[in-house]
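Here is the structure we will look at, set down as structure tokens.
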Amino acid sequence: MQPFCSVFTWSSTSCCFFRSKMEETPLCQRQERQKKLPPGGGRSSGDDGGGGAVEGLVAAAVTLVLSTSCLASAPVAYSQSMSNGAALFQKACIGCHDMGGNILQPGATLFLKDLQRNGFDTEESLYNITYYGKGRMPGFGEQCTPRGQCTFGPRLQEDEIKLLAEFVKLQADGGWPKLEIFGD
């Protein structure tokens, strides 16, 4: 009997629940390794599953319960973090980096391809360039030096810069999807 697989996607994580005989095992994996189901949900057309309709209903019910718990594991902290990061980005960065672009230096956008080419594709490197600045980009850190490299506007606290670095990395990994920001 082939395994039955149901795939559910939340953010960048896919949850796949496999059933073989009477064993239900959740397996969460990154989206790039997400398995596609063949026509018929993973069963061949001549396979009745050996357990009849009741076993199929039980498997579907277990899959539904497990998928709900998988989906519920990320949202509050993730969405709050994304919302705060988006608000900070709108406040401090959007003037030059609207939708991940760069109005001053086109080859230094916040899209993953440019970040990788320029060596800023990790949260740590994004934190450092946001804190200290580089080239035309001013630093926003409270202890940024030299003064000529730093913003003349309000400085950001370390936890705000960490949140921005996380937000930019998530957005870059997702191709900069449009975000709606409320409460400004």
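Read-outs throughout are calculated quantities, based only on the coordinates presented, and are distinct from any laboratory measurement. As the structure is a prediction and not an experimental result, all values here were calculated from the model. Glycine gets a Cβ as well: all are built from the backbone with ideal geometry, and neighbour counts include every protein chain shown.
Brief remarks on what is shown
- Conditions (1) closer than 21 Å to Ala87 by Cβ; (2) of a type outside the set (Asp, Glu); (3) under 18 Å from the mean Cα position of the chain (by Cα): number failed by Phe120: (1)
- Top-ranked residue in the stretch 155-181 [being assigned to a loop (DSSP other than H, G, I, E, B) and free of Cβ contacts under 8 Å to residues at least 60 places away in the same chain; ranked as surrounded by the most Cβ atoms within 10 Å (Cβ to Cβ)]: Arg155
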